[in-house]
């Protein structure tokens with residue numbers, strides 16, 4: 001009879017460890033650098049263990065994007081108590097993009113091709129857009145939709161231009177302030 005006892009390995013929160021590893025990969029090289037195998041290696045587990053939590057790379061990216069939208073919602077919600085909530089949220093929007101360009105590109109890019117497959121992601125997108133819609137309130141629904149689209153296009157476009165390096169020599173915070181206060 002063997003006296004050695006088999007040690008079982010329990011990671012704790014492997015799903016979150018995989019997301020953390022994938023987030024680092026995203027920051028290092030964009031969505032192309034993210035793989036379940038590499039996330040598992042960095043989390044210290046075998047690749048098959050990762051597949052217990054994520055069916056494929058897209059499901060890992062969808063979960064990461066959902067986390068990003070929840071962080072984004074929190075960032076947008078902080079300034080909402082101020083007088084000019086749209087300008088404040090616009091500035092928070094740009095700041096988020098500048099601080100987390102890889103996450104921002106994942107959230108708004110094509111890496112997750114069929115978002116309908118991921119209800120958690122759809123719910124996170126909805127949570128992130130609630131405050132933004134409220135800040136662009138207009139008396140009639142059509143005007144409200146157009147006002148929101150106009151504000152979102154302007155703020156998102158500015159964010160994208162900044163993180164893509166198209167506005168060198170400009171301070172992102174100053175640009176966000178100038179554009180969002182001029183948009184009234």
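The values are calculated or read from the model by the stated rules, or taken from the named source; none is laboratory data. Values in this document were obtained by computation on a predicted structure and should not be read as measured data. Every residue, glycine among them, receives a Cβ derived from its backbone with ideal geometry; neighbour counts consider all protein chains shown.
One residue alone among 59, 2 is at pLDDT 95 or above and out of contact with any strand residue (DSSP E or B) (no Cβ under 7 Å at 6 or more places or on another chain), and that residue is 59.
Just so you know, in the stretch 113-124 the residues that are surrounded by fewer than 21 Cβ atoms within 10 Å (Cβ to Cβ) and either modelled with pLDDT of 95 or more or within 26 Å of residue 174 (Cβ to Cβ) (or both) include one that is farthest from the chain's Cα centre (by Cα), and it is 117. Restricting attention to the stretch 80-90, the residues being at pLDDT 65 or above and surrounded by fewer than 22 Cβ atoms within 10 Å (Cβ to Cβ) number 3. Among the numbered conditions (1) in the same structural domain as residue 177 (by TED's automatic domain parsing); (2) farther than 25 Å from residue 178 by Cβ; (3) in a helix (DSSP H, G or I); (4) at pLDDT 95 or above, the only one that residue 38 does not meet is (1). The residue list 54, 96, 104, 72 contains one member that is touching a residue at least 24 places away in the same chain (Cβ under 8 Å) and outside any helix (DSSP H, G or I), which is 54. For the structure I just gave you, tell me whether residue 65 is surrounded by 22 or more Cβ atoms within 10 Å (Cβ to Cβ), at pLDDT 95 or above and assigned by TED's automatic domain parsing to the domain that holds residue 111. Considered against the rule, which asks whether it is surrounded by 22 or more Cβ atoms within 10 Å (Cβ to Cβ), at pLDDT 95 or above and assigned by TED's automatic domain parsing to the domain that holds residue 111, residue 65 comes out as yes.
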